[in-house]
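A short write-up of the structure that comes next.
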Amino acid sequence: MLGRVEKYLLERIRASGAIHITLVDPEKVMPPQAALIAENSKSSGTSAIMIGGSTFVSQAHLDAVVKAIKRAVRIPTILFPNNVTGISRYADAIWFMSLLNSVDPYFLIGAQILGAPLVKKYGLEPISMGYVIVGEGGTAGIIGKALPVPYSKPELAAAHALAGQYLGMHFIYLEGGSGAKHPVPPEMVRTVKSLINVPLIVGGGIKTKEQALAAVSAGADIIITGNITEDADAKQKVSDIISGIKSSKP
Ligand code: 1GP
């Protein structure tokens with residue numbers, strides 16, 4: 001049976017064609033700033049708040065960030081963990097994810113084995129997701145010991161995604177790396193989307209309405225943006241990106 005947050009995401013995708021989720025990196029913000037980002041993003045039309053980064057933050061800080069976001073907005077909070085330390089009891093859900101192109105079994109299944117009992121204990125809703133790092137890969141690629149799929153090899157990214165789907169993952173995330181110079185190319189999004197039939201998440205380096213529109217037109221169901229939320233004109237940028245996503249609707 002699908003959990004509440006997963007159902008909500010699927011319903012929003014069905015109703016809107018594609019949706020936007022805001023990523024808050026707890027390494028970079030204090031709780032009040034996280035709350036403000038969440039409020040502003042919510043008023044711009046984001047569907048959920050993801051919380052996670054590529055390196056370590058203390059459990060106490062992560063908990064404080066999640067609690068501040070929960071107090072500020074009613075949209076779902078979804079953890080985006082890079083390790084077992086990315087789990088907070090205060091979130092609604094967690095991307096229960098495997099880094100499909102890691103060469104280290106720890107990121108394929110090891111961390112998940114350590115984390116699963118905590119997810120259960122905290123009553124977090126696990127949402128199964130296959131994570132594929134592409135292009136530059138960024139910090140996530142280095143920390144996760146991934147062999148990033150080059151942008152010139154869309155068919156390889158699609159093979160990873162399809163393997164994830166066949167293993168039972170409910171979502172596939174094509175990650176270009178936070179702050180990537182170039183977002184995942186539409187051609188890669190299109191090739192992946194043509195092979196899978198689970199929702200496709202795309203993120204990394206998306207900064208403009210046009211880039212968001214290009215990804216959604218190529219088949220992305222969920223657009224993630226993180227970095228732009230730290231800019232002074234973040235509210236406007238998130239609004240622009242969401243209007244780009246909406247303009248893809250036929
Ligand atoms: C990173 O895909 C996300 O995990 C978001 O990337 O920070 O570049 O928006 P940006």
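The values are calculated or read from the model by the stated rules, or taken from the named source; none is laboratory data. From a predicted model like this one, the values you see are computed outputs, not experimental measurements. Glycine gets a Cβ as well: all are built from the backbone with ideal geometry, and neighbour counts include every protein chain shown. The protein model used for the area step is the full one, side chains on, heavy atoms only, and it has no ligands, DNA or RNA in it. Shrake-Rupley method; radii C 1.70, N 1.55, O 1.52, S 1.80 Å.
The table that follows gives values for the structure above.
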| item | result |
| --- | --- |
| Hits in the range 54-75 (condition: open to solvent by 10 Å² or more (accessible area, probe 1.4 Å) and in contact (Cβ under 8 Å) with a residue 40 or more places away in the chain) | SER54, THR55 |
| Yes/no for LEU99 being under 21 Å from PRO185 (Cβ atoms) and buried (at least 23 other Cβ atoms within 10 Å of the Cβ) | yes |
| Qualifying residue in the range 164-173 (condition: hydroxyl-bearing (Ser, Thr, Tyr), within 14 Å of the chain's Cα centre (by Cα), within 14 Å of the ligand (Cβ to nearest atom) and closer than 21 Å to THR46 by Cα) | yes |
| Single residue of the range 202-228 satisfying the filter (of a type in the set (Ser, Thr, Tyr) and more than 8 Å from the ligand (Cβ to nearest atom)) that is nearest to TYR131 (Cα to Cα) | SER217 |
| Test set (1) within 10 Å of the ligand (Cβ to nearest atom); (2) within 18 Å of SER98 (Cα to Cα) - ILE196 fails condition number | (1) |
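For every residue, the table says whether it meets (1) within 15 Å of the chain's Cα centre (by Cα); (2) more than 20 Å from ALA48 (Cβ to Cβ); (3) free of Cβ contacts under 8 Å to residues at least 60 places away in the same chain.
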{"site": "GLU210", "(1), (2), (3)": "no, yes, yes"}
{"site": "ALA215", "(1), (2), (3)": "yes, no, yes"}
{"site": "ILE223", "(1), (2), (3)": "yes, no, no"}
{"site": "ASN227", "(1), (2), (3)": "yes, no, yes"}
{"site": "ASP233", "(1), (2), (3)": "no, yes, yes"}
{"site": "GLN236", "(1), (2), (3)": "no, yes, yes"}
{"site": "ILE242", "(1), (2), (3)": "no, no, no"}
{"site": "ILE245", "(1), (2), (3)": "no, no, no"}
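Residue by residue, here is whether (1) more than 16 Å from the chain's Cα centre (by Cα); (2) hydroxyl-bearing (Ser, Thr, Tyr); (3) under 18 Å from SER243 (Cα atoms) holds:
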{"residue": "LEU10", "(1), (2), (3)": "no, no, no"}
{"residue": "ILE13", "(1), (2), (3)": "no, no, yes"}
{"residue": "GLY17", "(1), (2), (3)": "yes, no, yes"}
{"residue": "ILE21", "(1), (2), (3)": "no, no, yes"}
{"residue": "THR46", "(1), (2), (3)": "no, yes, yes"}
{"residue": "THR55", "(1), (2), (3)": "no, yes, no"}
